[in-house]
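Notes for the one structure printed next.
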Amino acid sequence: MELVHRSTLVIFVLAFLVRLTFLLFYNEGLIPADAVDYHRLAISLSQGQGYVDSGGAPTSERPPLYPAFLALVFFFFGQSLILVKVAQALMDA
């Protein structure tokens, strides 16, 4: 049984390291418009302003779960995109 737990942990760590390496070193150049919207919504949520567009009006243009995840990271750790990438790598692994 312990071999199963150890194997699972090794697979998880390897998966995490592969994802983290890719996220930290892959630079796509242009930032897609979606990323800008999700980032803006997350900042708004983390600052307690709600789920609003750039004009301050409530919006339903983007699904709320990913901006909420980003807002939690921003709220607890600051607006660090590197920490967002680490959190995403952990969840993906």
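Please state the shape class of segment 1-53: rounded when a/c is under 1.5, otherwise prolate if a/b exceeds b/c and oblate if not, all from the C-alpha gyration tensor. In terms of gyration-tensor shape, oblate. Report, to the nearest whole %, how much of the accessible area of the chain belongs to carbon and sulfur atoms, 1.4 Å probe, protein only. C and S fraction of accessible area: 69 percent. Other residues with beta-carbon under 12 Å from the beta-carbon of Val13 carry, at +1 per Lys or Arg and -1 per Asp or Glu, a net charge of +2. Distance between the modelled labels on Thr59 and Leu24, one decimal in nanometres: 3.2 nm (7 Å Cα→Cβ projection).
Ligands, DNA and RNA excluded, the heavy atoms of Glu61 present near 130 Å² of accessible surface to a 1.4 Å solvent probe.
In degrees from 0 to 90, rounded to the nearest 10, what is the angle of the helix 65-77 Cα long axis to the longest principal axis of the chain? Helix 65-77 sits roughly 80 degrees off the main axis of the chain.
Shape call for segment 24-90 from the C-alpha gyration tensor, a ≥ b ≥ c root eigenvalues: rounded (a/c under 1.5), prolate (a/b greater than b/c) or oblate? The shape class here is oblate. Summarising the amide proton neighbourhood of Asp53: residues at separation of 5 or more, or on other chains, whose placed amide H is nearer than 5 Å comprise Thr59.
The values are calculated or read from the model by the stated rules, or taken from the named source; none is laboratory data. This is a predicted model, so every value here is computed, not measured. Note that we place each Cβ from the backbone using ideal geometry, even for glycine, and neighbour counts take in every protein chain shown. Heavy atoms of the whole protein, side chains included, go into the accessibility calculation; ligands, DNA and RNA do not. Shrake-Rupley method; radii C 1.70, N 1.55, O 1.52, S 1.80 Å.
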